[in-house]
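Asker: For reference, the structure I am asking about is given below.
The values are calculated or read from the model by the stated rules, or taken from the named source; none is laboratory data. This is a predicted model, so every value here is computed, not measured. All Cβ positions, glycine included, derive from the backbone under ideal geometry; neighbour counts span all protein chains shown. With ligands, DNA and RNA removed, areas are computed over all heavy atoms of the protein, side chains included. Shrake-Rupley method; radii C 1.70, N 1.55, O 1.52, S 1.80 Å.
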Amino acid sequence: MTSSQGFLGFWETAGSAKTFTHPLDPALLDAYVPRSARVLDYGCGYGRLTAELAGLGYGAVRGVDVSAALIARGEREHPELELLRCPGFPLPFEDGAFDAALLFAVLTCVPRDADQTAIVGELGRLVRPGGVLYLSDVPLQGDALNRERYARFAEQYGTYGVFEMPDGGVFRHHPPERLRGLVREAGFSVLKERAGSVATLDGRTAERLQLIARREPAAPAPSSGPASG
């Protein structure tokens, strides 16, 4: 999430008490990210997956979130972790500081296009060329409940797939090509896709899409050619 999009209040109040349920796929992670990798868990919340990564043997893991309440909860529940609240961009890390980044059920919490683009673009800056982005999020669902609420909130938010929950949360489901496009625009190439089902915050089940993408080297600057005499 980014603080500019105006929905942070939910994650400082009701959202900070939620039990997050979007699962890591350890086998998929292991196939692309070695234990020695420097890993950024962006949108880490209270450090649930950050702790899981550490438990799997990843020794250089940092968790970042914009929510002060979630980071405070993470510090209570996982005092051994390196969790940092960062309310905006750029994040306080050098270009290429990480070998891999996780972006798990983050874009679903970010309704606005510009904020989503900013998040994935910042990860493109922080993941070194040849490094990996592991994204998992919720595509558009085909069931009647979701189709009804997509339609009900489309005019209000200007985007089909955005909807409100009774507790004040605002979420977004995406066309799969939207997720792939965000990754490509940030300089990544998709290597692997995997679909599956996950539990949601409201106790339902949703389909998810996982993407493994590799950071491409920056394009060389165009040559001006030899000077003419």
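Asker: Can you name the number of the only condition in (1) outside any loop (DSSP other than H, G, I, E, B); (2) modelled with pLDDT under 95 that residue 219 fails?
Answerer: (1)
Asker: For region 60-177, which strands (runs of 3 or more DSSP E) that fit wholly inside it have 2 or more residues that are under 12 Å from residue 40 (Cβ atoms), modelled with pLDDT of 95 or more and touching a strand residue (DSSP E or B) at 6+ places or on another chain (Cβ under 7 Å)?
Answerer: 60-65, 83-85, 98-104, 127-137
Asker: When residues of region 18-39 are filtered for being open to solvent by 40 Å² or more (accessible area, probe 1.4 Å), in a helix (DSSP H, G or I) and either touching a Lys or Arg at 6+ places or on another chain (Cβ under 7 Å) or charged (D, E, K, R) (or both), how many remain?
Answerer: So the count comes out to 1.
Asker: Determine which member of the set 15, 9 is open to solvent by less than 20 Å² (accessible area, probe 1.4 Å), at pLDDT below 95 and not in a loop (DSSP other than H, G, I, E, B).
Answerer: Exactly one of 15, 9 is open to solvent by less than 20 Å² (accessible area, probe 1.4 Å), at pLDDT below 95 and not in a loop (DSSP other than H, G, I, E, B), namely 15.
Asker: May I pose another question? For region 166-191, how many residues meet the condition of being under 11 Å from residue 135 (Cβ atoms) and open to solvent by 20 Å² or more (accessible area, probe 1.4 Å)?
Answerer: So the count comes out to 2.
Asker: Which of the residues belonging to region 85-132 are free of Cβ contacts under 8 Å to residues at least 40 places away in the same chain and touching a Cys at 6+ places or on another chain (Cβ under 9 Å)?
Answerer: 92
Asker: Let me ask something additional. Please work out which residue is surrounded by the most Cβ atoms within 10 Å (Cβ to Cβ), limiting yourself to region 67-119 and to residues that are farther than 23 Å from residue 33 by Cα and among the aliphatic types (A, V, I, L, M).
Answerer: Only one residue tops the list, namely 70.
Asker: So residue 50 fits all but one of (1) of a type in the set (Ser, Thr, Tyr); (2) open to solvent by 50 Å² or more (accessible area, probe 1.4 Å); (3) within 20 Å of residue 210 (Cα to Cα); what number is the exception?
Answerer: Going through (1) of a type in the set (Ser, Thr, Tyr); (2) open to solvent by 50 Å² or more (accessible area, probe 1.4 Å); (3) within 20 Å of residue 210 (Cα to Cα) one by one, residue 50 breaks only (2).
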